[in-house]
Amino acid sequence: TPLVELTGVSKYYGNIRALEGVSLEVRAGEITCVLGDNGAGKSTLIKIVAGLHRHDAGTFRVEGEEVVLANPRDALDRGIATVYQDLAVVPLMPVWRNFFLGSEPTKGRGPLRRLDAERMRTTTREALLRMGIDLRDVDQPIGTLSGGERQCVAIARAVHFGAKVLVLDEPTAALGVKQSGVVLKYVAAARDQGLGVVLITHNPHHAYLVGDRFVLLKRGTMAASHTKGSVTLDE
Ligand code: ADP
Ligand code: ADP
């Protein structure tokens, strides 16, 4: 069973057609790439999978069960983590605080105990190391990291908190060749940990470097859909 399966999904904003009849699947240990130019419907697709928008038609299944996600919390509860391009981080907060942002228990609030803080620092360092990210200073404000490094931290965070599906919104859009390569390496590391990854990109080269499945959107419709190696001359 795919982790996520969209079948014939449509979405309208008033009478603007953002998506029509789009299908895709995301499997554990695979990367599904969604390609398309600006306005193709990539953001709309992400918002549906992330629980920010409801689809108007078609079916959305998570591990075989049909769902209608009402909000991002619903998506997270189903193991779907989304890393947006602008990243929901607080730039002046230390890396480790950002790592735990939104995951702290609401019970017994109050000043963070020093012991807890120390444990969170260690956990952050270890979670990053497990992904092969050697960031010694987790006390530095996350805003001092490069865009690529922030993407890597966000990917490690999703893996650490047990996401099954990782949705990445143009993670390499603002990056150069070298930084893009580093980020793609960690995208592949998340896949190797068994996550199903949705990689949204307008860069076909990046998609083909790591992708297993490819969906090309054009003005909200599916212009092409392929799996790795499925393109042959006698087709
Ligand atoms: P992409 O992310 O590929 O650039 P979008 O999903 O943002 O594409 O947009 C798909 C289409 O839907 C575009 O025509 C866009 O103008 C339109 N659209 C996106 N969001 C809204 C909105 N909130 N209201 C109206 N139209 C929208
Ligand atoms: P849901 O997808 O959860 O049913 P809506 O379809 O009402 O929610 O739209 C979600 C968001 O998309 C709204 O908050 C609004 O900003 C934007 N939106 C929806 N339809 C339009 C529209 N016709 N014009 C501009 N923005 C729209």
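Read the figures in this text as sums done on the coordinates, not as results from a lab. Please read all numbers here as calculations on a predicted model, not as lab measurements. Positions of Cβ are backbone-derived with ideal geometry, glycine not excepted, and every protein chain shown enters the neighbour counts.
Averaging the inverse of every distinct alpha carbon separation and then flipping it gives the Kirkwood radius. What is it for the chain, in angstrom units?
18.4 Å
Counting every Cα pair in the range 7-63, what percent are over 20 Å apart? Mind dumping the intermediate values first?
On the way: 316 of 1596 pairs.
In whole percent, the long-distance tail amounts to 20.
Please list, in order along the range 64-80, the HN-Hα scalar couplings obtained from phi with the Karplus expression 6.51 cos²θ - 1.76 cosθ + 1.60 (θ = phi - 60°), rounded to whole Hz, x for Gly and Pro.
Working through the residues one at a time gives x, 9, 6, 10, 10, 7, 8, 6, x, 4, 4, 5, 4, 4, 8, x, 9 Hz.
Counting Lys and Arg as +1 and Asp and Glu as -1, each charge on the Cβ, what is the dipole of the chain about the Cα centre in debye, to the nearest 20? It would help to have the intermediate numbers written out before the result.
On the way: 29 positive and 26 negative charges, 134 e Å.
Computed charge dipole of the chain: roughly 640 debye.
Rank by packing, highest mean first: peptides 18-24, 33-39, with packing defined as the count of other Cβ atoms within 10 Å averaged across residues. Can you show the working numbers first?
Values: 18-24: 20.1, 33-39: 18.6.
Going from most to least packed, we get 18-24, 33-39.
Taking a cut-off of 22 Å between Cα atoms, list the lysines near LYS47, but don't count ones fewer than 8 places away on the same chain.
The qualifying lysines are LYS11, LYS164, LYS218.
Which number comes out as Rg/Rh for the range 118-235 once both Rg and the Kirkwood Rh are worked out on C-alpha atoms?
1.04
If we sort 154-162, 52-60 on the protection proxy, mean other Cβ atoms within 10 Å, highest first, what's the order?
The packing order, highest mean first, is 154-162, 52-60.
If you average the C-alpha positions of the range 5-44 and of the range 143-177 separately, how far apart do those two centres end up, in angstrom?
If we compute the Cα centre of each part, the gap is 21 Å.
For TYR12, what residues show an amide H to amide H distance below 5 Å, using hydrogens built from the backbone and excluding near sequence neighbours?
ALA18, ASP56
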